[in-house]
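First the structure, in the form of structure tokens, and then the observations on it.
The values are calculated or read from the model by the stated rules, or taken from the named source; none is laboratory data. Everything quoted here is computed from the prediction, not taken from an experiment. Note that each Cβ is placed from the backbone with ideal geometry, even for glycine, and that neighbours are counted across all protein chains shown.
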Amino acid sequence: AKDRGRRTYAFYETEMTENATHYMTRSLELRRGLENNELVLHYQPQIDARTEQMVGVEALLRWNHPQHGLLGPAEIIPIAEQSGLIVEIGNWVIREACSQARQWQDEFDKKIRVAVNASVRQLRSEGFAEAVQHELALSGLPAEFLEIEVTESMIQDEASMIKTLHELREVGVLLAIDDFGTGYSCLRSIKSLPIKRIKIDRAFIKGIPDKTDDVALVEAMLAMAGSLGLLVTAEGVETREQYTFLRAIEGIELQGYLFGKPVPASEITADTSPKAKF
Ligand code: C2E
Ligand code: CA
Ligand code: CA
Ligand code: CA
């Protein structure tokens, strides 16, 4: 039994060492990737349901890995978070998104907004709001065209984080709650925070219009948003049936594969709109 115990231990030790090595390799690779411009942003259109026009895009991180091809956030963000690279990468995302949005503002007749995702470590990092302000100034993009998405679960009763959110609001950027409905929704904090928009999570949109529970939940969220004066985006709109249901809602914005998957910046054009599809 003693022997077996030792072997088991040895097995776990080996596995842990392998994981640690893998993680080390990946974080070194990620740093090198950031330095070698292997990170790119793809953009997914956001549509005004009433006018059917693209009003904004969400920037989504990709890694053009020299060996493994195009990697998504699931393979980037955890490494970035663990290694602390997330702050540097997050700043890069904001810089890139702002300068791209600024370019579109010059090229297109209409002014479109850009949304970026922020991670909890960014919100906690010292001087985040100043960094955002700096990137806005560098790019020349007016603050009102930058939206920062944070998830519900990130917002705890943490004084420094709440301060950062207020500072960001003062900079003039819009704050949105991502994946709304999936976190430990603390409605009180939403009310007291400078939040402008909720993004209803794809999980609820999925059941529309057939699942009565999802319809009821979405309607409850819309009612809440309406009475608190929040803007609403529905995420993960994939079908025409969902679109038909959602477009009846005053002022809602829509995002999902029905209108377009995330694509490289070069594929976003002034007339990216669902009209082209219907
Ligand atoms: P998210 O912010 O909720 O972004 C939406 C995700 O859903 C994206 O996946 C998008 O490609 C996908 N999606 C959009 N429309 C549809 C649809 O109609 N159907 C389905 N099935 N999926 C749809 P992606 O690009 O893999 O990103 C995953 C998550 O990674 C994001 O979820 C976000 O939380 C995180 N992320 C992405 N970019 C960044 C970044 O720059 N920084 C940080 N901190 N997180 C990021
Ligand atoms: Ca998001
Ligand atoms: Ca989301
Ligand atoms: Ca999500």
> Which condition number in (1) within 16 Å of ligand 3 (Cβ to nearest atom); (2) modelled with pLDDT under 95 is the one that ILE162 fails?
Replying inline: (1)
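Can you list the strands (runs of 3 or more DSSP E) found entirely within segment 1-111 that contain at least 1 residues being at pLDDT 95 or above, more than 19 Å from the chain's Cα centre (by Cα) and closer than 30 Å to ARG197 by Cα?
Where strands (runs of 3 or more DSSP E) fall fully within segment 1-111, none carries at least 1 residues being at pLDDT 95 or above, more than 19 Å from the chain's Cα centre (by Cα) and closer than 30 Å to ARG197 by Cα.
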>> What are the pairs with Cβ atoms under 9 angstrom where one residue, in segment 76-97, is under 13 Å from TRP63 (Cβ atoms) and the other, located anywhere, is in a helix (DSSP H, G or I) and among the hydroxyl-bearing types (Ser, Thr, Tyr)? Sequence gap at least six, or different chains.
In response: ILE79/TYR23; ILE79/SER27; ALA80/SER27; LEU85/SER27
> If you check PHE278, PHE204, which single one turns out to be at pLDDT below 95 and of a type outside the set (Gly, Ala, Ser)?
Replying inline: PHE278
>> Looking only at segment 224-237, how many residues end up being over 18 Å from LEU175 (Cβ atoms), more than 18 Å from the chain's Cα centre (by Cα) and either of a type in the set (S, T, N, Q) or within 16 Å of ligand 3 (Cβ to nearest atom) (or both)?
In response: 1
> Across segment 215-266, which residue is surrounded by the most Cβ atoms within 10 Å (Cβ to Cβ) among those that are part of a loop (DSSP other than H, G, I, E, B) and among the hydrophobic types (A, V, I, L, M, F, W, C)?
Replying inline: VAL237
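Has segment 117-134 got at least one residue that is modelled with pLDDT of 95 or more, within 16 Å of ligand 4 (Cβ to nearest atom) and in contact with a Leu (Cβ under 8 Å, 6 or more places away or on another chain)?
yes
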>> For segment 127-155, give me each residue that is within 16 Å of ligand 2 (Cβ to nearest atom), in a helix (DSSP H, G or I) and closer than 14 Å to GLY90 by Cβ.
In response: MET154
>> Of the conditions (1) in a helix (DSSP H, G or I); (2) touching a strand residue (DSSP E or B) at 6+ places or on another chain (Cβ under 6 Å); (3) free of Cβ contacts under 8 Å to residues at least 40 places away in the same chain, ILE177 satisfies every one except a single condition; which number is it?
In response: (1)
> Does LEU231 satisfy being modelled with pLDDT of 95 or more and more than 16 Å from ligand 1 (Cβ to nearest atom)?
Replying inline: yes
> Looking only at residues in segment 77-88 that are of a type in the set (A, V, I, L, M, F, W, C) and within 14 Å of LEU28 (Cβ to Cβ), which one is surrounded by the fewest Cβ atoms within 10 Å (Cβ to Cβ)?
Replying inline: LEU85
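One residue is enough: does segment 118-125 have a residue meeting the conditions closer than 25 Å to MET54 by Cβ, under 19 Å from the mean Cα position of the chain (by Cα) and within 16 Å of ligand 2 (Cβ to nearest atom)?
Within segment 118-125 (the criterion being closer than 25 Å to MET54 by Cβ, under 19 Å from the mean Cα position of the chain (by Cα) and within 16 Å of ligand 2 (Cβ to nearest atom)), the answer is yes, since at least one residue qualifies.
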